[in-house]
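What follows draws every value from the coordinates through simple rules; no lab data is involved. Predicted model, so just to flag it, every value in this text is computed and none were measured. Note that we place each Cβ from the backbone using ideal geometry, even for glycine, and neighbour counts take in every protein chain shown.
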Amino acid sequence: MDSAMMLEKLVLIVVILAITLVVALYLTFGERKIAAFFQDRLGPNRVGPFGLFQPFADGGKLIFKEEIIPKNAEKWLFILGPGVAMIVATITSAVIPWGTSIELFGRTIALQVADINIGVLYIVGIVSVGVYGIMIGGWASNNKYSLYGAIRASAQMISYELSMGLSLIAVIMMSGTLSLNEIVSQQPGWHWNILYQPLGFLLFFVSALAECNRAPFDMAECETELIGGYHTEYSSMKLGFYLFSEYINMFVSCAVISCVYLGGYNFPGMSHITDPTLLGLTQVAVMFAKILFLVFVFMWIRWTLPRFRYDQLMRLGWKSMIPLALVNLVITGLVIGIMKF
Amino acid sequence: MSELKINQNGQLTSLDTVDGEIATLNLGPTHPATHGIFQNILKVDGERIISAEPTVGYIHRAFEKLAERRPYQQVTPITDRLNYCSSPINNLGWHMTVEKLIGAEIPKRVDYMRVIVMELARIADHLVCNSVIGVDTGALTGFTYVFQEREKIYDLFEEICGARLTTNVGRIGGFDRDFSPVFFQKLDKFLKEFHIIFDDFTNLLERNRIFMDRVIGAGPITGERALSYGFTGPNLRAAGVDYDVRVMNPYCSYQDFDFDVPIGKDGDTYDRFLVRQEEIRQSLRIIHQAKDNLPAGNYHGDVPSFFLPPKEEVYRSMEALIYHFKITMGETPIPAGEVYHSVEGANGELGYYLVSDGGRTPYRLHFRRPCFIYYQAYPEMIKGSVLSDAILTMSSMNVIAGELDA
């Protein structure tokens, strides 16, 4: 790996990180605007044109707010919690292929930070670590409501990871690779995995909602029961990190869904574009369109449905989702077996 | 999660917890789900509630004592602050109580006007309660739509009396002025458009699978237990007992109107929700009938010793001036005696027990506040259920802190 390559990757990391952060910032704005749209309100419209600078005002406010650490909280873990949540949220996007490649300064730059051959495993693994941020924060707060939120969140995330993993395995069986880049490039044109794995898509989508702690699975926050759930005791930018990581998680989840099931950067008629740079940029745009559509669906669900009760949520996870995922797996296996004959 | 065994009297027979550890959880006094200031000290095993110890009195303002120092017409603003989601019912109930004491003849028109106002208030109250059940299950959207309709009802109140929330509507003997033509225009518009939003709200929640799973079986109470606690109103009707003051003991010409009394079966949160939904529809029916058959006549009864004379009269005639002075100073003669009057408040039988010794103020006034009674049953209703259900039970009983503590 030469130094130019290192530099190229470094720039790519910084760019993707910046884009992720800005997108997450604007997702908070989008969420508020979309919620307002669903609820027949106006939403934020004071800061800047159409309220577009609202996220920066919010961020500035959170940074300058007084920092309160409860007296009986476990101080270092209390600080570590949001940090873990934030770091985990930001590093997930490393394996996501945003497009094939673009040509810049005579170099071909792959639009993916790391094309590792176990991309899917990496994502599943990193997402599992995410629960530690919530658990540590909820436990360290030394507040019963926080602890409730943390317990609910960890139980929920562990249960729904199973169905998430099982529905992913079906895709892996089809494509025969763990590399996210490979999975995407195997879905050219309209040959999206959602057409071959509709049940798997549904299961993965629901699990993703649960993994992101989004309604109807927002057990961890559940403001009417647990006040703020795991972040009840948090203030200033530490609270901001938690909220922020939630939006980054949502963004990355939607990116993974569109990679695995919706063909990622692929779109019909892709072969007509010959200029590699133009192609790369179009692919990025298509990818973003898919992601933002999914994000909209996430928000749509949140502002429409009531939330589950904790035991109903666990029942749904263990008694419906996992058996269905297993059935999906068996069917996929059978079909692949028959096709091979 | 261990099963806690609870016998028929609601007592815990087994403390068969997971690890024998019981935590104490303070639900309130300031908690986002306790719409008002209540404290509940819960003993919990994980998510399951073993026992609850409710506390009352956080916003006790000694209304009954305050009333003993106030002339009769000055008690009305106090009643505003009981169940502030449906103040007009409290105001008019108090006026009717005083009218019962002084034996005033009230024209039919006033009765019908009162019915319109009270049924509007009932709709507003039920809208708040049902949408808040939605909010507590996490569905915030229905709430925002329904509250716009509630705002329209408040616009109507504003048209009648100038106030929106704490209305202080009407006077002893009738209303201070007649309904304006603008009021009728707005009422017609409201009646025509209300069902659009209301049907949307109904469709959003009533048959929603997640919502039904949440509310069916949450905080149930049998009709028998409800009666022995003294439940009234929608909460009793949800438990399957068809008791409605408007039908059983008609006041304010309710016997003239044709409406159904919906009842539930299990007395759980879903039944309470459905009963309130249906009552909103029935209230609309009553309003339609009252509006269409509104009799001609005066907008107040002939009670010169309580109903302020018109201002121009006060400047011109001596009697009017004397009455104006005496009413304002609370010096009008009032018979000694005691009287109980109850109205079907938005969340139960709201009773006024008034003792008069002939003085300028009530000798003793007691409000029979349904919320106070519901709250007594709360520990029994949530025993053995999970935390989420306890919160739904609270919101579905529509316990209003102002009325609970008086």
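Shape analysis of the protein assembly as shown yields a ratio of the Cα radius of gyration to the Kirkwood radius, Rg/Rh, of 1.07.
Restricting the stretch A:137-175 to chymotrypsin sites (Phe, Trp or Tyr not before Pro) that sit in a DSSP loop and have at most 11 other Cβ atoms within 10 Å of their own Cβ leaves nothing. If R0 equals 56 Å, the separation of the Cβ atoms of B:N298 and A:K319 corresponds to a calculated FRET efficiency of about 0.25. Modelled spin labels at B:R69 and A:K340, positioned 7 Å past Cα toward Cβ, are 9.1 nm from each other.
Descending by average beta-carbon neighbour count within 10 Å, the peptides A:118-125, B:328-335, A:327-334 line up as A:118-125, A:327-334, B:328-335, the highest first. Where the alpha-carbon atoms of chain B are placed on the principal axes, they occupy 82, 46, 34 Å, in descending order.
Could you please rank A:M86, B:M212, B:M96, placing first whichever residue has the fewest other Cβ atoms within 10 Å of its Cβ? Can you show the working numbers first?
Numbers: A:M86 19, B:M212 15, B:M96 22.
Ranking A:M86, B:M212, B:M96 by Cβ neighbours within 10 Å, fewest first, gives B:M212, A:M86, B:M96.
A crude spin-label estimate for the pair A:A289 and B:R61, with each label 7 Å from Cα along the Cβ direction, gives 5.9 nm. For the stretch B:33-106, GluC sites (Glu not before Pro) are listed when DSSP marks them as loop and at most 12 other Cβ atoms sit within 10 Å of their Cβ; the list is B:E105.
If each residue of separation counts as 0.36 nm, what is the full-extension length gain between B:D199 and B:Q148 once their alpha-carbon separation is subtracted? Could the numbers behind the result be given before it?
Details: separation 51, 0.36 × 51 = 18.36 nm, distance 1.39 nm.
Extra length available between B:D199 and B:Q148 comes to 17.0 nm.
The mean number of partner chain beta-carbon atoms within 10 angstrom of a residue's beta-carbon across peptide B:131-137 is 3. The alpha-carbon of B:K43 sits under 19 angstrom from the alpha-carbons of these lysines, leaving out residues fewer than 8 places away in its chain: A:K144, B:K5, B:K383. Note on chain A: semi-axes of the ellipsoid equivalent to its C-alpha gyration tensor, largest first and rounded to whole Å, are 33, 26, 19. Taking a straight line from the alpha carbon of B:K189, these lysines sit under 16 Å away, with near neighbours fewer than eight places off in the same chain left out: B:K152, B:K291.
Sorted ascending by nearby beta carbons within 10 Å, beginning with the fewest, B:C252, A:C259 become B:C252, A:C259.
Rounded to the nearest 0.05, what FRET efficiency do B:E105 and B:L165 have when you use their Cβ-Cβ distance and R0 = 41 Å? Once rounded, the FRET efficiency stands at 0.85.
Mind ordering B:294-307, A:171-184 by average Cβ neighbours within 10 Å, highest first?
Values: B:294-307: 16.6, A:171-184: 18.9.
Order by mean packing, descending: A:171-184, B:294-307.
Computing FRET efficiency as 1/(1 + (r/R0)^6) for A:I87 and A:F53, where r is the C-beta to C-beta distance and R0 is 35 Å, gives about 0.85. Farthest towards the positive end of the charge dipole of chain A, among the residues A:A4, A:I79, A:M270, is the Cα of A:I79, using unit charges on the Cβ of Lys, Arg, Asp and Glu.
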